[in-house]
Every structure is written in structure tokens, then in C-alpha cells.
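Following: one structure in C-alpha cells, then a few remarks.
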Amino acid sequence: MEVYGKALALAAGLLLSVAFAPAAVSSFDWKLPEGVAPPPVPIDNPMSQAKVELGRKLFYDADLSIDGTMSCATCHEQRRGFTDSNRTHPGVHGDPGKRNVQTLANAGYFRALTWGDPGVKTLEAQALIPIAGTRPVEMGFAGQEAVLAARLAGQACYRRMFGEAFPEVGGEVSMVTIAKALAAFQRTLVSFDSPYDRRRRGEAVAVSAEAERGERLFKAGCASCHAGPLFTDADKARFHRIDAPFAGDQGLGDVTGEAADAGRFRTPSLRNAALSAPYLHDGSAPTLETAIRRHRVAMRLGDRQVAELVEFLGTLTDETFVTDPRFSLPKPGCGP
Ligand code: HEC
Ligand code: HEC
């Protein structure tokens, strides 16, 4: 499966840098909860407030689709943890797509992005796929990237904001600077303030006995893949098959061509999962219960265990994150 069309290969090549700067280098104010380290930042795309504000404006702007009908936020809605409620979300030309919209919470920490492609390593590289990808067509700019740059450069507001965000290239509006700004904004989408996190920080947060039993089950049977505080091993770029092999989308197998990879997908994070139905790479599981039952795991998963696991997953819902005004639709006009 090729990720980029020919016209995009150049911009993508410029964005494949995976050299990350130590967090200490940046003076950016992440406003993170206590004890949370910021995500790694590529050396060639340092964080700045101006860049994050530009990325936020771009994220919410339907001018990023060829016919002006669709922004990133059309599919990635904050109140649903930056997912939507559809199995798949058709692109501007009606291409239905085959995959469920992923959450963007903590995606800055992941080393493999999308459901099944180890080649998409940075948010910069990923951003070009919805804008100008062809499989599926989402925002529809394949081969017409210059139209997008001209459209944005034609607006005084964007000229000013690109100037402030990218002084080193004279405020150039290009696929490269668009992708870098979107990536900088997305790195700020950090979710570590759920009841689960607040309890771990020692705050007195009540959770049900059922959720506590669910947490123990989770640690025993689920945390090998939905690992650590990210609730995924995406930061290690791991892929797994949870079910019997099936026809259709083969995930990693479609990229590598290896039979052993057929049906392997990157582990989704379970943060804010209660808000992001439906589930699995194809959106085929309408509820958390169904998604959990689709796993072949060693532990016994009777109705009671599944209910306890679902109750535990509910403690990963981060109300601060899904209502944070820093991540919402910006006011019209330029900048903060
Ligand atoms: C038409 C719906 C749609 C639009 C519009 C859209 N996305 Fe997505 N997004 C998806 C789907 C579906 C996936 C999963 C893709 C896959 O696995 O092939 C995804 C995956 C992602 C991921 C990977 C997350 C992870 O955990 O690996 C990021 C990051 C992302 N999108 C950012 C964006 C940005 C930035 C924009 C705007 C430029 C955008 N998306 C526009 C549907 C959309
Ligand atoms: C072997 C690794 C592995 C283990 C163990 C595992 N999962 Fe998963 N989980 C995955 C992968 C990979 C997916 C995505 C599969 C797909 O889309 O086809 C997934 C998907 C999910 C989803 C759907 C999330 C979404 O956003 O679509 C939920 C919920 C889930 N797992 C919960 C659990 C629970 C609860 C357990 C323990 C009973 C568990 N998982 C054990 C790897 C694992």
C-alpha cells in the first residue's frame, strides 16, 4: 500500500526526519499535569506558541479540503476524544474509506501512526495523508497541493500567522510548513488528567469497586499491548493480531506483504475510549463490550469480567482534555 502519490513524495521526503530533540531544549510551555513528560519533538520542527496557534487554526479550517467542506476536525471531534461516531468517514468525493477514525490523544508520543503502517513515523508525515492522499481520498488535494498553498497565502491572516510561525523560511506557505504547524498543534493534545491519572497522583477520586476489579483484570490480561500510561505500545511501534485471520484489510500485512503480518494492527490507545465508539480498525464493533470480546486472550472473559473491564475503561475518560479551550475551535481571525 503506497501512502503518498508521486506529487507528494517530495514534501514527504522533507518531513521524514525522525531526529528528536531533548525536551529540555525547548522553552515551550506545555502546561502538562504534574509528573508528565512532554512528547518528543523533531529537531527540525521546534515548538512555539505561534506555530501551535497556526496549527490549531489549520486543523479547524475547511479550506484544507479541495471543496471547502471538510476540516481535520470534521473527522476528529474534540468532544469524542478527537474521533467521530461513524464506522468510517467518507472523504470529499464520497470515497467511503475502510478505517475507523483514530483518537489524537497523546499521538505525539507514538512512533508508528495510523492503524497499520510502520512507515508513518511522525505527525508531520502523517498530516499529508488526509490532505493529499489517494487511498482513500479524504480532503482531495492530491496533485493540487499548489492550490492549497495559494489559497492560504491569499489570506492576510494566514500570511501573518505563517510569518510568525516560520520566520526562518520567511513565512513560506507550503505543504511542509502546513504539515509542521499541524504536527505542532497535535503534539499539545496530551491527555493525562482522567480519574485514573488523578488517583495515581494521589488525589482522592472515587471509583467503583467494579472498576477496581476491572483494573486488576486489565493489568493481568490486557496491559501487555495496551501498555503503560499511554494504554498502547504505539510508542514502540508494535503491531498485533487479536483475532483469527480474516478477509479484507490486512493491516501491517498489506504493507509488508508477509503472511505472518496479515491482520496485525497497531494497538489503539484506550484513553477516552468510552467516547469513541464504534471500535476496531474497521469500526465493526459498536460497543466496548463487542471490541473486548473480539480479542482472543488467555483470560476468561465472561459477562462479569467484560463489564468490569468496561467500567475500568470509563475511568480513562479525561473531561479536562475533551473540554480544554486550548484545543477547541479557535475564534475567527488571526492568532490567540
Ligand atoms: C475523512 C475523515 C478524516 C479527516 C478529514 C482527517 N482524518 Fe485523520 N484519520 C482518519 C482515519 C480514518 C484515520 C486512520 C487512518 C488509517 O489507519 O489508515 C486517521 C488517522 C489520523 C492520525 C493517526 C493517529 C494515530 O494514533 O496513529 C492522525 C495524527 C490524524 N489522523 C490527523 C489528521 C489531521 C492533522 C487531519 C487534517 C489535516 C486529519 N487527520 C483529517 C480520518 C480523517
Ligand atoms: C496482543 C495484544 C493485545 C492484547 C493482549 C489486548 N489488546 Fe485490545 N487491541 C489490540 C489491537 C491490536 C487492537 C486493534 C485491533 C483491530 O482494530 O483489529 C485492540 C483493540 C482494542 C479495543 C478497541 C479500541 C478502539 O479504539 O478501537 C479495545 C476496547 C480493547 N482492545 C480492549 C482490550 C482489553 C480490555 C484487553 C484485555 C482483555 C485487550 N484489549 C487485550 C491489542 C491487544
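Readers should treat all values here as calculations from the given coordinates under stated rules, not as data from a laboratory. Just so you know, these numbers come straight off a predicted model, no measurement behind them. No Cβ is skipped: glycine too gets one built from the backbone with ideal geometry, and neighbour counts run over all protein chains shown.
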What residues have an amide H closer than 5 Å to that of A21, excluding those fewer than 5 places away on the same chain, when H is modeled at 1.01 Å from N in the peptide plane? V41, I43
So if I place +1 on the C-beta of Lys and Arg and -1 on the C-beta of Asp and Glu, and nothing else carries charge, what would the dipole magnitude of the stretch 251-336 be about its Cα centre? I want it in debye, nearest 20. 40
Within a 10 angstrom radius of the beta carbon, how do F246, F231 rank from fewest other beta carbons to most? F246, F231
Take the alpha-carbon positions of the stretch 6-191, form their convex hull, and give its projected area averaged over all directions (one quarter of the hull surface) in nm². 10.3
Students often check this: by mean Cβ neighbours within 10 Å, which of 111-124, 36-49 ranks highest, and how do the rest follow? 111-124, 36-49
If each residue's Cβ is checked for other Cβ atoms within 10 Å, how do R99, R159 rank with the fewest at the top? R159, R99
Quick one: Karplus J couplings for the stretch 65-80, per residue in order, coefficients 6.51, -1.76, 1.60, θ = phi - 60°, nearest Hz, x for Gly and Pro? 10, 4, 9, x, 9, 9, 10, 4, 6, 4, 9, 10, 8, 3, 5, 9
So which GluC sites (Glu not before Pro) in the stretch 187-255 pass both tests, a DSSP loop state and at most 16 other Cβ atoms within 10 Å of the Cβ? E203
Cβ charges +1 (Lys, Arg) and -1 (Asp, Glu), total dipole of the chain, debye: 380
Hey, what number do you get for the chain at 222 nm if only DSSP H runs of n ≥ 4 count, each worth -39500 (n - 2.57), divided across all residues, to the nearest 500? -9500 deg cm²/dmol
Could you go through the stretch 215-225 in sequence order and give the Karplus-derived ³J(HN,Hα) for each residue, using 6.51 cos²θ - 1.76 cosθ + 1.60 with θ = phi - 60°, rounded to whole Hz, and x for Gly and Pro? 5, 5, 4, 4, 4, 6, x, 10, 6, 5, 9
